Structures are given as structure tokens and as C-alpha cells.
Amino acid sequence: MQITVTVNGERYTRGVEPRLLLVHFLRDDLGLTGTHWGCDTSNCGVCAVWLDGAPVKSCTVLAVMADGHEVRTVEGLAHGAELDPVQQGFVACHGLQCGFCTPGMMMTARWLLDHDPDPSEEDIREAVSGQLCRCTGYENIVRSIRWAAEHGGAARPAEEDAGREEVRT
Amino acid sequence: MQVPATFQYARATGVEHAIELLTRYGPEARLVAGGHSLLPMMKLRLAQPEALIDINGLDELTRIRVDGGELAVGAMVRHAGLLASAVVGEHFPVLRDAERMIADPLVRNRGTVGGSLCQADPSEDLSAAFCALRATLVAQGPDGRRVVPVREFFLGPYETVLGEAELLLEVRVPIRSHASAYRKVERRAGDWAVAAAAAVLELSGGVVTEAGIGLTAVGAPRFVAEEAERYLCGGPPDEERFAEAGRVAGEECRPSADQRGPVDYKRHLAAELTVRALRAAAARAQGQEA
Ligand SMILES: Cc1cc2nc3c(=O)[nH]c(=O)nc-3n(C[C@H](O)[C@H](O)[C@H](O)COP(=O)(O)OP(=O)(O)OC[C@H]3O[C@@H](n4cnc5c(N)ncnc54)[C@H](O)[C@@H]3O)c2cc1C
Ligand code: FES
Ligand code: FES
């Protein structure tokens, strides 16, 4: 089947088997290996990407189901050379160790801050509750997302270039 | 790597088209909604449909409406949509309670209300919640539309009364003055229930006039504790009666032992969670948040 999926604003047309999972389409067909692939059983959330504006587990979506839809991956988080506040937060607060869970965590964090610019620790823990981290104990992930919230992380990227100036640290 | 076996894929553009595709592809075709029950089963070869009919494009099934004194929830409403709905939160706290504990936010962004019910998984939280509410389901097939009370919808685990080419369109619940709550015990955040209970109470003059008790994951026939419901009617909504209703519910369900626990533990949970859900519903009836 021929499908066209918009990923990070760019349209990709490829021929795929209906049984191809979105995570493998992104990684193997498009070479976007920032999205990780872990448990295969819809439990770990390392495969989280946005589908039509909301984070989902891409190992549990068929690539054909994304035909004509919009996907955003971790490669679409930064704005050119400038990191998104969420990415800066993970750097500033040591939000990762091995980094395996990080792309998924950051995609969910970005979505959370777009909808709630000032989330409590509890809100953050709930937002990432479908995602596993075997390294950090979550403490620093929560801190990283709070850091982003406190450093202009709520500003929607791209449209708000002026606002983003203040984010640079 | 877990990958489903090969299948054909077709996208439905409307309800009638979906029925037509189901008819054309035959008995080995399956609808796919959120895919969060079906795709994991296909990866494990627990399901191996020859064709998938994708109904994600059916916008007409994505609405939550109030229609003639009834709440109507479209089959393609995502869990996240049900959780976020103000009208659901106001009139049906049992659904909001349940949704808060169904899977995790990412799964809730994709899984649907219709898929939850049609999957007929004994551990599906919404089945017990809607059964406690005595919801009705609207389905459409080649022979037209029909309305099925949710308590007559489930034939057993993973089995419903829906025909091969029949589609669930919406779930309807009358908006009433009842109070409700859902209580669940899970092993870890986002997991399926070890056991859970839904309680719906209609009160008048200090007496229970109608009771709905739904039970999840404990083998309750049609997801309900009918004896406990009957017991509660006509008496005051007090601790003593709730304790007895819980005891009856724990006895009438038929849990099986699995990795989530042995039978007596599940019976204990069914009883205790029934009491807690009833208590919370009664508190809400008095305007207290529980
Ligand atoms: C990690 C994980 C944890 C979960 N935890 C929970 C939990 O704690 N509690 C809980 O209740 N659920 C849980 N779920 C299940 C989740 O709620 C699913 O989304 C839901 O069971 C199925 O909805 P779906 O839209 O994904 O259905 P699908 O997987 O698309 O479909 C399920 C079945 O229903 C049929 N179907 C779907 N829509 C229709 C329709 N409109 N008409 C007729 N047939 C239809 C399909 O053909 C299929 O047979 C979990 C799932 C995952 C992956
Ligand atoms: S790989 Fe998708 S949830 Fe683990
Ligand atoms: S940093 Fe290693 S899994 Fe999260």
C-alpha cells in the first residue's frame, strides 16, 4: 500500500505492508531512529510520538493508520540549532542516564506543557505514567519537566519565536 | 520482534461503508478502532484476522452529546475524550473515576469506548461501569439498527451479541439524579484491575430506590452483582447495608486465580471495593466529594 505521512512537517510517501507498525516505519523506512522501540507490548512508552497532536505508543499503531495524518517525533522537537525548553531541561537537570526512555518522555512532556504550562509534580508523574525508565528513578525526569515549565517551556514553539528568545540560557 | 501476520487493510468512510466492507471481506474481517486490544493480540497471534476495516475516519462516531435527556457517547470517543468531558464528569462520576484508572494517558489517547465494550475483555473497566449504569447500546448491521441493553450485550469473555457485520455506534445513558463511583485495585499504575467495582445509587426519601453494582475482572455474570443490587433496594444507604451488599457481591462473583491473585483475595477485593464504591456514591449523593 502507498501511504503519505507528514512527519515533523515533511511529507513522506512510501509503499508499506499493512502490518508494518508506525514505530518501524519511522525508524526503518524513514531513518528517524530518535523514536525508540522497546517492549513491543504497549507497556514501556519509549516509542511515544505525537499522532495528530497527541502522544501515542507508535508500536501499537499501524503505519497505514497514519496515512494522511501528522506525526511529530523527537527529531521535530528542536527549532533548528536551538533545543526545545524540554530538551534543555533534561540537560540542565540530568533527566537521563542511558537515554533509552528519553525521546518518549520528552514528547509527552512537550504535550503536557502545551496543555498545562504549570504542572504540579503529581500532574507530571501522571502524564508520564505510561512510560518506563529503568535508570533515573523518575526524580530527575520530573525535575527536568518542571525546569522546562519554569524556563518558558510553556511557549508554543515555532509560532512564538519572540517568546523563545528568553529561553536561551 | 512482534509483528502481526499479514492481512488486508481497508478504510471505511462511513458507517454504511464499514458494514459493506465487513460483508465483502467476510467472517475473517475485523474492525479496528484504537487497535490497543486488537493489535497486541495480533502480535501474539491470539487474533489473526484476514482483513482489518479501519473505522478511525468515522467522525460521526466521535461525539459526546446530550440528546433527549440521555448522554450519548459515540463508539469512537477515545478514553481521553470521555475523561475530559465536563458533562460526563458532572452526571457520571463513575465513568470519570474509571477513566482515571484505565491504562495510562498514552493508551487513553488511542483506545476507544466502543473498542473497550466490543472487546468484552473480563477486565475492561468500562463494561462494569456502563453495566452498573444500565446503559443501552445502539448497533447497526446489514439488517438495520437495533438497541441492546448493555446487560444483554456480553455473551462471555471476548464475546458479544454483535453480528459479524455489525457495528457499535454509540452508548446511551439516561441522565438522572443518581450518584455513582468506581473503585479499582491494580498492581501498579496503569495496569488492568485485580478487581474493581462500580456503584450507582438512586436515592429517594432516605431509601435506595435503584442500585447498580458493576464488577470488573472477577467473573461476575454480565459484569454485575444482581443479588447485591436487589438486597440494597428499599433500605437506607448506610454502612451496615453496604457491608452486607459487599459480602453478597463477593460471594456471587466467580473469580479465577491468575498472576494477579488467588480466588479468595479477589472475592475479598470484590466485597471491599463494592463497599468503598457504594460509600463514595452515597457521599456524592449528599454533595460531598469522594
Ligand atoms: C498497556 C495497556 C493497558 C491497558 N489497561 C487497561 C485498563 O486498565 N483497563 C481497561 O479497561 N482497558 C485497558 N486497556 C485496553 C484499552 O482500554 C483498549 O483501548 C480497549 O480495550 C480497546 O479499545 P480499542 O479502541 O483500542 O479497540 P480495538 O483494539 O480497536 O478493538 C477491540 C475489539 O473491538 C472491536 N471493535 C472496535 N470498535 C468496534 C465497534 N465500533 N463496533 C464493533 N466492534 C468494534 C474490534 O473489532 C476488536 O475485536 C489497556 C490497553 C493497553 C495496551
Ligand atoms: S515499544 Fe511501544 S510501548 Fe514499549
Ligand atoms: S534513562 Fe535509562 S531508561 Fe530512562
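The values are calculated or read from the model by the stated rules, or taken from the named source; none is laboratory data. No experiment lies behind these values; they were computed from the predicted model shown. Here the Cβ positions follow ideal geometry from the backbone for every residue, glycine too, while neighbour counts run over all protein chains shown. Note: accessible area is taken over every heavy atom of the protein model, side chains too, but ligands, DNA and RNA are not part of it. Shrake-Rupley method; radii C 1.70, N 1.55, O 1.52, S 1.80 Å.
So that you can scan it fast, the table gives a plain yes or no per residue for (1) more than 16 Å from ligand 1 (Cβ to nearest atom); (2) under 23 Å from A:ASP40 (Cβ atoms); (3) modelled with pLDDT under 95:
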residue	(1), (2), (3)
A:GLY76	yes, no, no
A:HIS79	yes, no, yes
A:ASP84	yes, no, no
A:ASP114	yes, no, no
A:GLU126	no, no, no
A:ARG156	yes, no, yes
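Determine whether A:TRP50 is away from ligand 3 (no atom under 16 Å from the Cβ), outside the structural domain of A:TYR12 (by TED's automatic domain parsing), touching a residue at least 60 places away in the same chain (Cβ under 8 Å) and closer than 18 Å to A:ASN8 by Cβ. Judged against the criteria, A:TRP50 is not a match.
One residue stands out among those in segment A:55-74 that are facing chain B (nearest Cβ under 8 Å) and within 16 Å of the chain's Cα centre (by Cα): the one that is nearest to A:LEU112 (Cα to Cα), which is A:PRO55.
Of all the criteria given as (1) open to solvent by 30 Å² or more (accessible area, probe 1.4 Å); (2) away from chain A (no Cβ under 14 Å); (3) touching a residue at least 12 places away in the same chain (Cβ under 8 Å), the one not satisfied by B:CYS131 is (1). With a requirement of 2 or more residues that are in contact with a Ser or Thr (Cβ under 7 Å, 6 or more places away or on another chain) and away from ligand 2 (no atom under 16 Å from the Cβ), the helices (runs of 4 or more DSSP H) lying completely within segment B:92-174 that satisfy it span B:93-100, B:113-119, B:125-132.
Tell me which residues, restricted to segment B:82-95, are touching a residue at least 24 places away in the same chain (Cβ under 8 Å) and surrounded by fewer than 22 Cβ atoms within 10 Å (Cβ to Cβ).
So in segment B:82-95, the residues touching a residue at least 24 places away in the same chain (Cβ under 8 Å) come out as B:82-83, B:88, B:91-95.
Those that are touching a residue at least 24 places away in the same chain (Cβ under 8 Å) and surrounded by fewer than 22 Cβ atoms within 10 Å (Cβ to Cβ): B:LEU83, B:VAL88, B:HIS91, B:PRO93.
Limited to segment B:171-196, what total is found for residues that are within 9 Å of ligand 1 (Cβ to nearest atom) and buried (at least 23 other Cβ atoms within 10 Å of the Cβ)? Quick ask: steps written out before the conclusion?
Within segment B:171-196, the first condition is being within 9 Å of ligand 1 (Cβ to nearest atom), and the residues that meet it are B:184, B:186, B:190-193, B:196.
Of the ones still in play, those that are also buried (at least 23 other Cβ atoms within 10 Å of the Cβ) are B:184, B:193, B:196.
Qualifying residue count, segment B:171-196: 3.
Against the list (1) touching a Gly at 6+ places or on another chain (Cβ under 7 Å); (2) more than 12 Å from ligand 1 (Cβ to nearest atom), the condition B:GLY26 fails is (1).
Could you please give the count of residues in segment A:75-91 that are surrounded by 24 or more Cβ atoms within 10 Å (Cβ to Cβ) and hydrophobic (A, V, I, L, M, F, W, C)?
If we filter segment A:75-91 for residues that are surrounded by 24 or more Cβ atoms within 10 Å (Cβ to Cβ), which is where we start, we get A:85-86, A:89-90.
Still in the list and also hydrophobic (A, V, I, L, M, F, W, C): A:86, A:90.
Total satisfying the criteria: 2.
Which of the residues that make up segment B:12-41 are at the interface with another protein chain (Cβ under 8 Å from one of its Cβ atoms) and either acidic (Asp, Glu) or not in a loop (DSSP other than H, G, I, E, B) (or both)?
As a first pass, look at segment B:12-41 and keep what is at the interface with another protein chain (Cβ under 8 Å from one of its Cβ atoms): B:32, B:35-36, B:39-40.
Once the filter is applied, which keeps residues that are at the interface with another protein chain (Cβ under 8 Å from one of its Cβ atoms) and either acidic (Asp, Glu) or not in a loop (DSSP other than H, G, I, E, B) (or both), segment B:12-41 yields B:VAL32, B:LEU39, B:PRO40.
Residues in segment A:8-43 that are within 16 Å of ligand 1 (Cβ to nearest atom) and of a type in the set (S, T, N, Q): A:THR41, A:SER42, A:ASN43. Taking segment A:119-134 as the search range and keeping residues that are more than 16 Å from ligand 2 (Cβ to nearest atom) and assigned to a loop (DSSP other than H, G, I, E, B), which one is least open to solvent (accessible area, probe 1.4 Å)? The extreme case among them is A:PRO119. Taking segment B:197-290 as the region of interest, the helices (runs of 4 or more DSSP H) fully inside it that hold 3 or more residues being more than 24 Å from B:GLU99 (Cα to Cα) and open to solvent by less than 70 Å² (accessible area, probe 1.4 Å) are B:239-252.
Against the criterion of being surrounded by fewer than 23 Cβ atoms within 10 Å (Cβ to Cβ) and at pLDDT below 95, A:ASP28 does not qualify.
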